[in-house]
Amino acid sequence: MASSVKESPLTGGDCDDPDGIDARIAEQEQIFLRRQPRSTELIAVAGEHLAGGATSNWQIAEPQAVWMSHGSGSKVYDVDGNEYVDMHGGYGASIAGHAHPAIVAAVSDQVRRGTHFAQPTEDAIWIAGELARRFDLPLWRFANSGTEATMDAVHLARALTGRDLIIKVEGCYHGHHDSVQVSVLPEADEVGPRDSPTSVPGNSGIPSAIRDLVVVVPFNDPGAVARALARHRGRIAAMILEPVMMNAGIIPPDDGYLVTIRDLLHAEDAFLIYDEVKTGFTTGPGGITARSGVVPDMVCLAKALGGGIAVAAIGGTRDVMSAIGDGRYEQVGTFNGNPLAMAATRATLSEVLTADSYAHLAELSSRLRDSLNAVIAEHGFQWRVVTEGAKGCVTFRKDPVREFRDFLEIDARLGHLHWLMQHNGGVFLPPWGKVEQWLLSVQHSRDDVDRFAANFARFAAAVSS
């Protein structure tokens, strides 16, 4: 019955914690710390020479960073010997799982034959052809990270159009180069009016002159794109976006959104750039490009492409990518297309991400989604399970999230408590429970997703009690 459905818990705690969530978080954080004394020790030692005591700020989470020892199959192991089902997946990179035999063999063979020549190798030809087949874009270049790929895409669009401005979706993350470090995860009091979002710096050190080159629009709002193009007629080089937004949980595009914005941009001689760094390969063999049938001018790939080895790619139409071939734009990098990355990528595309693997991922995703929905229904919450291929998340909100400002309304404490209870229950997830998604790998099993579902059931029971 509708009257029994709860959007958020109310458990009658003390006046400073009326729903009891903060107390449960504190309890789970103590369990977390008791399980990981060696990580605590390493953090103290690391602080002497590692800035912030970690190798990336994204690794610094509350109550502390988790230091890892090794991984095997679908599992990872921390330095304290705790085993976890890995559904963190390296922010989407580890779709092959850990130590996949095909990737181990390919990388081991290449290591013995040389890891760096700064010259092309034959694997690059095969990979470019396979990407062309999967994404319906004929020409490709390689890089080393998603940041490099999106940087090249933006530079290429500006070089071809002679224009400086780009359109960017509020709440999307496209790497940490200046051009896209705008309105990445702005706070509610920073965003400005919905019909004219403020360009908020995504990090310190981003000059106002850079922010002035970025026009921010909401996701799933083609009208906003049309208005931006009209307001800056003849000045927009391109629009870059995640075709399924994955920096705020998972936000699918409305029907017709992608084709409409492509047509609007092309009518103004501007380019459409897909950032498929997260969605490429995790949502299907050809990412959202193939699934949607809406082919952009450029696609940026990374993360899952290399099966755990650092590699990225940018693909595009002949009109766009010919500028690289004829020297109108120089796409460069010492480690671009290095033989180790190419060996891992070829093994990933040819031996790991097969039709059978995608069928396996679909079965596991469906099993997990059904289990979580059953738990949500049992407790009468109006939460939503959102999945796209091997990726998924729980949105702790009654209504669908269509754009970033909807996402801002979600109680981040629920995501953090869920992350802690999964972690303490032997499932490793990205630490930003409100923002990030889980990732299934080809080496996960039914038992693995069932462990996640069991932890989620305990979490839901704790929240509703």
Whole-Å distance linking the alpha carbon centroid of the stretch 408-432 with that of the stretch 109-131 is 39
Give the accessible area for S322 in Å² (nearest 10); use a 1.4 Å probe, count only protein heavy atoms, and leave out ligands, DNA and RNA.
-> 40
Report the local net charge at S322: Lys and Arg +1, Asp and Glu -1, summed over other residues whose C-beta lies under 15 Å from its C-beta.
-> -2
Mean residue ellipticity at 222 nm from the helices of the chain, using -39,500 (n - 2.57) per DSSP H segment of n ≥ 4 over the full residue count, to the nearest 500 deg cm²/dmol?
-> -12000 deg cm²/dmol
Can you tell me the order of 228-234, 240-246 when each peptide is scored by its average per-residue count of other Cβ atoms within 10 angstrom, highest first?
-> 240-246, 228-234
E148 - accessible surface, heavy atoms, 1.4 Å probe, Å² rounded to 10 | 60
What's the local net charge at V184, with K and R +1, D and E -1, over the other residues with C-beta under 10 Å away?
-> 0
³J(HN,Hα), Karplus 6.51/-1.76/1.60, whole Hz, each residue of the stretch 192-203, x for Gly, Pro = x, x, 5, 7, 8, x, 6, 7, 9, x, x, 6
Accessible area in the full protein assembly, largest first, 1.4 Å probe, for M68, M421, M298 = M68, M421, M298
With every protein chain kept in place and a 1.4 Å probe, the residues E83, E170 fall, from largest accessible area down, as E83, E170
Around A238, which amide H atoms from residues at least 5 apart in sequence, or from another chain, sit under 5 Å from its own amide H, with H modelled in the peptide plane?
-> I167, F271
Amide H contacts of A313 (H built 1.01 Å from N, under 5 Å, at least 5 apart or other chain) = A143, L301, A302
Taking the C-alpha atoms of the stretch 85-233, convex hull volume expressed per residue in Å³ | 192
Which residue, chosen from G175, P186, V225, occupies the Cα position most advanced towards the positive end of the dipole of the stretch 126-266, where the dipole is computed from +1 (Lys, Arg) and -1 (Asp, Glu) charges on Cβ about the Cα centre?
-> V225
Would you kindly state how much longer the chain becomes between R113 and D356 on full extension, computed as 0.36 nm times their sequence separation minus their alpha carbon distance, in nm to one decimal?
-> 84.4 nm
Sum of side-chain charges, P197 neighbourhood, beta-carbon under 11 Å (Lys, Arg +1; Asp, Glu -1) | -2
So how do R397, R458 rank on accessible area, 1.4 Å probe, biggest first, that is with the largest at the start?
-> R458, R397
Where does the Debye-calculated log10 I(q)/I(0) of the stretch 360-452 sit at q = 0.17, 0.23, 0.25 Å⁻¹, using only Cα point scatterers of equal weight, no solvent?
-> -0.75, -1.37, -1.54
Accessible surface of H266 - all protein chains present, 1.4 Å probe, nearest 10 Å² = 80
Under a point-charge model restricted to the Cβ atoms of Lys and Arg (+1) and Asp and Glu (-1), what is the dipole moment magnitude of the stretch 101-352 relative to its Cα centre, in debye to the nearest 20?
-> 320
So for the stretch 101-352, Kirkwood radius off the Cα pairs, Stokes-Einstein at 20 °C and 1.002 mPa s: how many µm² s⁻¹?
-> 116
Enumerate the calculated ³J(HN,Hα) couplings along the stretch 256-268 in order (Karplus 6.51 cos²θ - 1.76 cosθ + 1.60, θ = phi - 60°), each rounded to whole Hz, writing x wherever the residue is Gly or Pro.
-> x, 4, 5, 5, 5, 5, 4, 5, 4, 5, 5, 5, 9
If amide H atoms are built 1.01 Å from N in the plane of the peptide, which residues on other chains or at least 5 residues away come under 5 Å of the amide H of V182?
-> G202
With the charge dipole of the stretch 101-352 built from beta-carbon charges (+1 for Lys and Arg, -1 for Asp and Glu) about the Cα centre, the Cα from H155, V200, Q110 projecting farthest to the positive end belongs to Q110
What whole number of Å gives the distance from the Cα centroid of the stretch 301-347 to the Cα centroid of the stretch 191-217?
-> 29
Karplus ³J(HN,Hα) for the stretch 443-460 (6.51 cos²θ - 1.76 cosθ + 1.60, θ = phi - 60°; Hz, whole; x = Gly/Pro) runs 9, 6, 10, 4, 4, 5, 6, 5, 5, 4, 5, 5, 5, 5, 5, 5, 4, 4
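The values are calculated or read from the model by the stated rules, or taken from the named source; none is laboratory data. What you are looking at is a predicted structure, and each value in this text was computed from that prediction instead of being measured. Positions of Cβ are backbone-derived with ideal geometry, glycine not excepted, and every protein chain shown enters the neighbour counts. When the accessible area is computed, the model is the full protein with side chains, heavy atoms only, and any ligands, DNA or RNA have been set aside. Shrake-Rupley method; radii C 1.70, N 1.55, O 1.52, S 1.80 Å.
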